[in-house]
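What follows is a set of notes on a single structure, which appears directly below.
Just so it is clear, none of the values below were taken in a lab; they were calculated from the coordinates. These numbers were taken from a predicted model, which means no experiment stands behind them. Here the Cβ is made from the backbone with ideal geometry for all residues, glycine too, and neighbour counts use every protein chain on show.
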Ligand SMILES: [Zn+2]
Ligand SMILES: [Zn+2]
């Protein structure tokens, strides 16, 4: 359950636990292929003055892709969440804070789950640290061996060649 009734919170902290399928509309447009449900854990509590703290974690796995060679890379995603829900718009400086409508009768953790997941997704995935990537010219996977493209000419050499010619004159 990710919608917690404020009357329930008034009685004490509430454990938040849910598995949200990777195909849930909540994750539409996140541009990440989740290969496992997002496991949500944590505890929500009333901190007074219309503020509520949610401390928890999200764990899942995503189907990533190596940025150098485009090979599929399974990636474990874990996020520790420290979120604030507040009725006061001025209290929302932190990126992990969410506005609660004045007439809200429940706290919906789902938008926070989406946001926190997005923050936790690695932007740069490589299959291994020394991945050689693809040849920018022929597209061959250089992890499988060198391609037959002529070696690239380093632009810096042009300057040296010109200098050498000048010194010769
Ligand atoms: Zn790679
Ligand atoms: Zn090549």
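For the stretch 9-122, the strands (runs of 3 or more DSSP E) that sit wholly inside it and include 1 or more residues that are without any contact (Cβ under 8 Å) to a residue 24 or more places away in the chain are 18-20, 38-48, 51-65, 72-86, 97-99. Selection over the stretch 123-151 of residues that are outside any loop (DSSP other than H, G, I, E, B) and in contact with a helix residue (DSSP H, G or I) (Cβ under 9 Å, 6 or more places away or on another chain) gives a count of 1.
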